[in-house]
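S.K.: Below are the C-alpha cells for one structure; questions will follow.
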Amino acid sequence: MPREFLCQRYEKGASTLRNKLDDTDYYAVSACSDLPRECHREDHVIQRGAAVGFGRWFFFPATEPALAFGRAARMSLDCTSGYGVYAAAHEIKFCERHGADECVLLVDITGGDLARREDEVEALKRFVQAVKEYPWSSMWRAPTGYLTELSGGRVVTTGSGSLPL
C-alpha cells in the first residue's frame, strides 16, 4: 500500500473556522471529531494537546497553557475577534514528494470550546502552579507539588513544597 502524505490528504491553506495560516508552518488546519493517537516516529509525529484560535491558530501540548493564552490574548486591545480553545492534534510527517516535513493541525470543534467552562479556573490555577514550580521552563510541565531549580543545566526537585493556589 503506497504511503499517503499530508499534502495528499489536506487542501493547502484550508483552515477550519476561517482562521488565517499566515506566518505559520501549517499546511492546513482541519476539523476532526476523532483525533488521532499520539505517534512518535522518525518520519511522523503526532502530539495531542489544545489549539487556540482567534484569527490564527496556536497549538499547545496541554489544555492549561492554551486556556491561559486564549484568555490573555482576548484581553488585548489588538484581539478584535473572539477566541476558542479546542482539543487538537499537531501532526508532522515527512513528504517524500516534496522532500520536506509537512505540518497540519487537527482541531476537534465538535467537542466544543474548552474555554469559559466551569472547570476553567481550576485549569488556570494548575497553569500558575506549574509556572511557580518551573519558572525557568519554556515548555509545559504539569505541577508536581514541589519547587524545582536548575543546577548545572539539570532540573533538581527541591524538598520545598509549592503551596497550592
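The values are calculated or read from the model by the stated rules, or taken from the named source; none is laboratory data. None of the values given here were measured: they were computed from a predicted structure. Reconstructed Cβ throughout: ideal geometry from the backbone, glycine too, with neighbour counts over all protein chains shown.
S.K.: Take the conditions over 23 Å from Val128 (Cα atoms), outside the structural domain of Tyr134 (by TED's automatic domain parsing) and surrounded by 22 or more Cβ atoms within 10 Å (Cβ to Cβ) and apply them to Tyr27. Does it pass?
M.R.: Yes, satisfied.
S.K.: Kindly indicate the residue of the range 9-24 that is free of Cβ contacts under 8 Å to residues at least 60 places away in the same chain and of a type in the set (A, V, I, L, M, F, W, C) and also surrounded by the fewest Cβ atoms within 10 Å (Cβ to Cβ) among those meeting that condition.
M.R.: That would be Ala14.
S.K.: Continuing with this model, one more query. Give the residues of the range 1-35 that are of a type in the set (A, V, I, L, M, F, W, C) and part of a loop (DSSP other than H, G, I, E, B), sorted by residue number.
M.R.: Residues satisfying the conditions are Met1, Phe5, Ala14, Leu21, Cys32, Leu35.
S.K.: Another question, then. Going through the range 109-126 one residue at a time, which ones are without any contact (Cβ under 8 Å) to a residue 60 or more places away in the chain, in a loop (DSSP other than H, G, I, E, B) and within 17 Å of the chain's Cα centre (by Cα)?
M.R.: Gly112, Asp113, Ala115 - these are the residues of the range 109-126 that are without any contact (Cβ under 8 Å) to a residue 60 or more places away in the chain, in a loop (DSSP other than H, G, I, E, B) and within 17 Å of the chain's Cα centre (by Cα).
S.K.: Now a separate question. Mind listing just one residue for me: the one in the range 50-108 that is of a type in the set (Ser, Thr, Tyr) and in a loop (DSSP other than H, G, I, E, B) and, of those, surrounded by the most Cβ atoms within 10 Å (Cβ to Cβ)?
M.R.: So the residue we want is Tyr83.
S.K.: Can you tell me which residues in the range 109-131 are among the charged types (D, E, K, R) and surrounded by 14 or more Cβ atoms within 10 Å (Cβ to Cβ)?
M.R.: Once the filter is applied, which keeps residues that are among the charged types (D, E, K, R) and surrounded by 14 or more Cβ atoms within 10 Å (Cβ to Cβ), the range 109-131 yields Asp113, Glu120, Lys125, Arg126.
S.K.: I've got another one for you. Across the range 132-165, which residue is surrounded by the fewest Cβ atoms within 10 Å (Cβ to Cβ) among those that are of a type in the set (A, V, I, L, M, F, W, C) and in contact with a Ser or Thr (Cβ under 6 Å, 6 or more places away or on another chain)?
M.R.: The extreme case among them is Val155.
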